[in-house]
1. Would you call A187 of a type in the set (A, V, I, L, M, F, W, C), at pLDDT below 95 and not in a helix (DSSP H, G or I)?
2. Examine the range 92-112 for a residue that is exposed (fewer than 15 other Cβ atoms within 10 Å of the Cβ), part of a helix (DSSP H, G or I), more than 15 Å from the chain's Cα centre (by Cα) and modelled with pLDDT under 95, and state whether such a residue exists.
3. Does the range 210-232 contain any residue that is under 18 Å from the mean Cα position of the chain (by Cα) and surrounded by 17 or more Cβ atoms within 10 Å (Cβ to Cβ)?
4. Where residues in the range 79-88 are surrounded by 15 or more Cβ atoms within 10 Å (Cβ to Cβ) and under 20 Å from the mean Cα position of the chain (by Cα), which of them is nearest to Y143 (Cα to Cα)?
5. Looking for whichever is touching a Cys at 6+ places or on another chain (Cβ under 7 Å) and closer than 24 Å to R26 by Cα here; the options are V241, V175, V237. Which one fits?
6. Taking the residues in the range 1-60 that are in contact (Cβ under 8 Å) with a residue 60 or more places away in the chain and part of a strand (DSSP E or B) as candidates, determine which candidate is nearest to P94 (Cα to Cα).
Amino acid sequence: MERKRRETPPGMRFLGLNALVTGSSRGFGRLIAIALAKEGANVAVHYNTNREGAERTAEEIRALGRRAYIARADITKWSEVQEMVEKVWNEFGPIDVLINNAGETAAQQMSWREMREEWIEETINLDLKGTLYMTHEVGKRMYERRTGSIVNIISNVVVTGSPRAPQYAAAKYGVLGITKSYALALAPWVRVNAVAPGYMETESLLKRKDWTPERRRWIIEHTPLRRIAKPEDIVPVVLFVASDDAIHMTGNTIFCDGGFSMPGA
């Protein structure tokens, strides 16, 4: 049976659906979770250590008239992912939309020369393994229900590379492989896509020692749109890919970096 596009009121593409956003206690993940709620979704707010932030996100979602559920797990551990997903499914409901946002940028590393084994493991474990575990556990349940959409947040480093943190580029490139593999494995019922931002002026970026005025100016000069994105600029793209507006897209990556990387088709 062919999956058909859902009919929803304008601006309410996720009405009646349940979403789970990893790393949504703060930052980009929080913005995605709230945007989903504004368009009708009930949202499971995932966190690992920031319970207080998760509760604040959940409060904002409930204030919009949607259900919110707080889910804790260290997604680098498969057993914790399994336990969390089972609990969410039983207590909150089946997940229709999964946004794999949680990630580690190796922010403490300023150059490839500073690389440490523990920083490699932190990045690979969270960005690559965490995304794999989440996609696997939620995706197989979506497949059984014959419906679902998964969006993985990667980075334009899959095109540009990262001389600062090669392990970050490697992990995100691995997530590109996860995206394509599960797009094939879960077809035709579940769509799996990726969104690849470039530089975003997040709080964590602004705090970096190497984010100097000179570097910022260089990035802008080499970006065709001559600006650096705010997280709010990327959220609508994530929602588009997650929604039935992108019903004929799977295994795709959408780059949102102002033209900085200009990937080939």
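The values are calculated or read from the model by the stated rules, or taken from the named source; none is laboratory data. If you're wondering where the values come from, they're calculated on a predicted model, not measured in any experiment. Cβ placement follows ideal geometry from the backbone for every residue including glycine, while neighbour counts extend to all protein chains displayed.
1. Working: of a type in the set (A, V, I, L, M, F, W, C): yes; at pLDDT below 95: no; not in a helix (DSSP H, G or I): yes.
Judged against the criteria, A187 is not a match.
2. Yes, because at least one residue in the range 92-112 is exposed (fewer than 15 other Cβ atoms within 10 Å of the Cβ), part of a helix (DSSP H, G or I), more than 15 Å from the chain's Cα centre (by Cα) and modelled with pLDDT under 95.
3. So far as the range 210-232 goes, yes, one or more of its residues are under 18 Å from the mean Cα position of the chain (by Cα) and surrounded by 17 or more Cβ atoms within 10 Å (Cβ to Cβ).
4. It comes out as V85.
5. The match here is V237.
6. N18
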